Structure formats: C-alpha cells, structure tokens
Amino acid sequence: MTKKTRSTTQLIDGFGREIKYLRISVTDRCDLRCIYCMSEDMQFVPRAQLLTLEEVARIGRVFAGLGVNRIRITGGEPLTRQNVIEVFRQLGKLDKINDLTLTTNGTQLSRFAVDLRKAGVTRINISLDTLQEERFSQITRTGKLHRTLAGIDAALDAGFERIKLNSVILRNRNHDEIIDLVEFAHARGMDISFIEEMPLGIIGDHDRAETHISSDEILDILRQRHELIPTTDKTGGPARYYRCTDNGARIGFISPHSHNFCDDCNRVRLTAEGRLLLCLGQEHSVDLRRVVRAHPTNDGPLREAIIAAMAIKPRGHDFDLTSQPVILRHMNSTGG
Ligand code: SAM
Ligand code: SF4
C-alpha cells in the first residue's frame with residue numbers, strides 16, 4: 001500500500017512552488033539507444049565520477065527529511081546499474097517517502113520485478129513505443145521487443161499498485177500505433193501516457209520538428225475510435241489524464257510543447273554524477289557530489305545546499321524545435 005504520511009516541505013522555490021518530488025538518475029548508461037533520446041555514439045560519464053549507491057541513498061534520505069515524499073528512480077536504464085536494488089531497499093525504508101517509483105525500458109524487469117516490489121517500489125513506468133518487432137529494433141537501435149514484453153508480464157505478476165506505459169510518439173515512425181498501444185495497455189490493466197518529444201541533445205537520427213506530433217493531434221486520432229473525457233486525476237507528475245467512456249481506459253498526455261506544465265512543477269532532479277538540476281529544460285544546477293564528499297558524516301551542509309538551490313529554480317522551460325537544441329544534455333543523463 002502507498003504510505004499516506006503527510007509532509008510539509010522546507011523546499012519552496014522563488015515562485016512559491018512546493019518541491020515534494022525528487023527524480024534520481026542512477027546511471028546515464030543504457031542497454032538501448034532510442035533514436036529520440038540518444039545519438040548513435042554516445043559518451044557516457046566515467047564510472048568513477050558517478051555518485052556511489054550509498055551517496056544516492058544518503059541524498060534521498062536528506063531530501064525526505066526536507067519534505068520530499070515522492071522519489072522516482074530513472075536513468076539511462078536504472079536496472080543496468082550494478083547492485084541498484086540496494087538503493088531501492090534503502091529508499092523503500094524511509095517512512096516519509098509515500099511513493100517510490102521507477103522508470104525503466106523493461107528489458108531487465110524479468111530479473112528484478114519481484115525484488116523491486118519487495119524493496120517497496122509502488123509504481124513502475126515502462127517505456128514502450130511500438131508493438132512491432134522490427135520497428136522496436138529500429139526505434140531502440142539495438143533492442144528486442146520480446147525482452148520488454150516479458151518484463152511487462154513480470155511486472156504485472158509482481159503486484160505493483162500501478163503500471164503505466166510511456167510512449168514517445170513520432171510522426172511517420174509510430175503514430176499509426178497510437179490506438180494499438182492504448183488497447184495493449186488497457187487489456188492488461190495498465191495506464192498509458194503519450195509524450196511529446198523534447199529537443200534535448202543532438203540525436204542525428206531525425207529532424208525533431210518534422211517528427212513532432214502534438215498531444216492534441218494524438219487526442220484527435222484516439223477520438224476516431226473512442227469517446228474521451230478529461231479527468232482531474234493527478235499522479236504527481238506532469239501528465240494530464242483522459243478516460244475512454246466506452247472501456248474506462250485511462251490515457252495520459254505529457255505535453256511539454258503544447259500544454260506547458262511548469263506553473264505547478266513540484267520536481268527537481270539529481271543526475272548520476274550528483275548534479276541537482278532544477279529544471280529539465282534549463283541548466284540551472286548545484287553540485288551535490290562536492291558537498292556530500294566534503295562532508296561525509298555531517299548532513300547539515302547538504303541540507304543547506306539543497307534548501308539554497310531552490311532560489312535558482314527557473315520559472316520553466318521554453319522548447320523551440322525550429323533551431324538547434326539549446327540544451328545539449330541528452331535525456332538519458334537527466335532521466336524522465
Ligand atoms: N531508460 C528508461 C526508460 O526508457 O524508461 C528511463 C530513462 S528514459 C530517459 C525516461 C523517459 O524519457 C522514457 O519514457 C523515454 O521514452 C523518455 N524520453 C527519452 N528521450 C526523450 C525525448 N527527447 N523527449 C521526450 N521523452 C523522452
Ligand atoms: Fe535508454 Fe530510456 Fe533513453 Fe531509450 S529512452 S535510450 S531506454 S534511457
């Protein structure tokens with residue numbers, strides 16, 4: 001059961017937004033190379049520069065003490081980091097964390113789903129952009145669809161409170177599968193969210209302006225098959241939800257371009273090398289690795305650095321697909 005501890009946060013930014021949600025990237029590495037996320041030849045952070053798993057757990061604990069009640073582990077592919085389950089175990093023990101969640105490509109879930117559930121993970125988001133084998137290999141450059149599908153089955157068997165699929169839709173690549181993906185998710189009792197592609201990093205594969213498809217257009221495609229009504233459901237992140245009146249399926253839209261969600265942003269992100277990023281679409285950040293290493297046994301300076309960082313959280317992002325990406329950081333180094 002999701003714990004129902006209420007918390008007040010000491011983390012309030014300059015625009016009055018309460019920060020209660022921390023996303024932690026435990027690695028920038030991945031076993032896939034999705035065309036919208038990475039370029040073909042990526043440089044990854046040398047392992048020696050990563051936060052240790054103990055440092056990750058320590059930072060998570062300090063955030064919980066400051067009022068964060070929700071932590072999502074992401075990456076890169078978080079389940080490729082050796083011994084990562086230890087981080088889930090440590091964070092799962094924190095009383096103040098109501099909701100410990102994971103974003104994964106699913107390839108390793110057959111191995112880890114049961115241990116993740118036991119460690120206290122409540123919900124999982126699994127990325128799946130296509131149900132076609134060959135297309136899956138094209139979109140992920142290296143992946144095998146059957147591994148992610150087996151991972152989804154393992155997660156369904158492990159009894160998480162909720163499993164959601166995340167699909168990035170690209171025009172003329174997978175937009176013809178929108179309805180199939182909804183049906184696949186609904187048949188298995190999962191939600192699904194459609195994500196607008198963001199211009200993070202240079203990817204080489206395609207022109208993001210050409211493949212862009214707005215959430216409203218996806219909604220129009222879905223309305224050819226289903227009647228959809230907006231809901232007021234909130235799951236802590238940026239998704240807006242609709243429900244199909246015929247079969248009850250819940251469909252989310254994450255629309256960084258067409259429905260900017262910055263006004264009620266409640267999130268900050270920790271990169272794998274310990275940089276606290278105040279906004280996904282801006283570079284404002286604070287180096288927490290330096291602080292934890294300078295003060296290995298005293299959490300005071302870490303607490304102070306986190307509280308002080310709130311003052312530089314920017315109002316929001318401003319993506320522009322018509323020019324070269326302003327943010328050179330790829331999505332795998334930030335996590336979603
Ligand atoms: N590897 C895991 C996965 O794929 O779920 C976690 C990390 S991945 C960076 C997190 C989410 O970001 C995924 O749902 C992925 O589809 C999405 N994503 C990656 N690059 C993106 C981009 N440029 N624009 C929008 N979403 C993106
Ligand atoms: Fe890896 Fe996730 Fe990026 Fe795909 S979206 S390359 S699975 S980090």
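Working from label points 7 Å from Cα in the Cα-to-Cβ sense, the Lys93 to His206 distance is 4.5 nm.
In a simple Cβ point-charge model (Lys, Arg +1; Asp, Glu -1; nothing else charged), the chain has a dipole of about 1540 debye relative to its Cα centre.
Listed values for the range 190-205 are Karplus-derived 3J(HN,Hα) couplings in whole Hz (6.51 cos²θ - 1.76 cosθ + 1.60, θ = phi - 60°), namely 9, 7, 9, 10, 9, 10, 6, 5, 9, x, 10, x, 8, 10, x, 5, and x replaces Gly and Pro. Among the listed pairs Lys144/Lys313; Lys93/Lys144; Lys93/Lys234, those with a Cα-Cα distance over 31 Å are Lys144/Lys313; Lys93/Lys144. Note on exposure: Glu77, Glu210 ranked by accessible area (1.4 Å probe, complete protein assembly) read Glu210, Glu77, with the most exposed listed first. By the beta carbon rule, with partners counted only under 4.7 Å, the chain holds these lone Cys residues: Cys30, Cys244, Cys262, Cys265, Cys279. Overall, the accessible surface of the range 21-334 at a probe of 1.4 angstrom is composed of carbon and sulfur to the extent of 47 percent. Identify, among Gln138, Val291, Val182, the residue whose Cα sits farthest towards the positive end of the charge dipole of the chain, taking +1 on the Cβ of Lys and Arg and -1 on the Cβ of Asp and Glu, with the dipole about the Cα centre. The residue sitting most towards the positive pole is Val291. Accessible area per residue for the chain is 43 Å², calculated with a 1.4 Å probe on protein heavy atoms, without ligands, DNA or RNA.
Going by alpha carbons, how many degrees (0 to 90, nearest 10) lie between the helix axis of 145-158 and the longest principal axis of the chain? That helix lies at roughly 60 degrees to the long axis. With the simple spin-label model, which puts each label point 7 Å out from Cα in the Cβ direction, the Asp41 to Arg303 separation comes to 4.9 nm. In loop segments of the range 146-236 as defined by DSSP, the trypsin sites (Lys or Arg not before Pro) with at most 11 further C-beta atoms inside 10 Å of their C-beta are Lys234. Assuming R0 = 35 Å, can you tell me the calculated FRET efficiency for the pair Arg293 and Thr142, based on Cβ-Cβ distance, to the nearest 0.05? According to the calculation, E is roughly 0.50.
The values are calculated or read from the model by the stated rules, or taken from the named source; none is laboratory data. For clarity, every value in this text was computed on a predicted model and none was experimentally measured. Please note: Cβ atoms are built from the backbone with ideal geometry, for glycine as well, and neighbour counts cover all protein chains shown. Heavy atoms of the whole protein, side chains included, go into the accessibility calculation; ligands, DNA and RNA do not. Shrake-Rupley method; radii C 1.70, N 1.55, O 1.52, S 1.80 Å.
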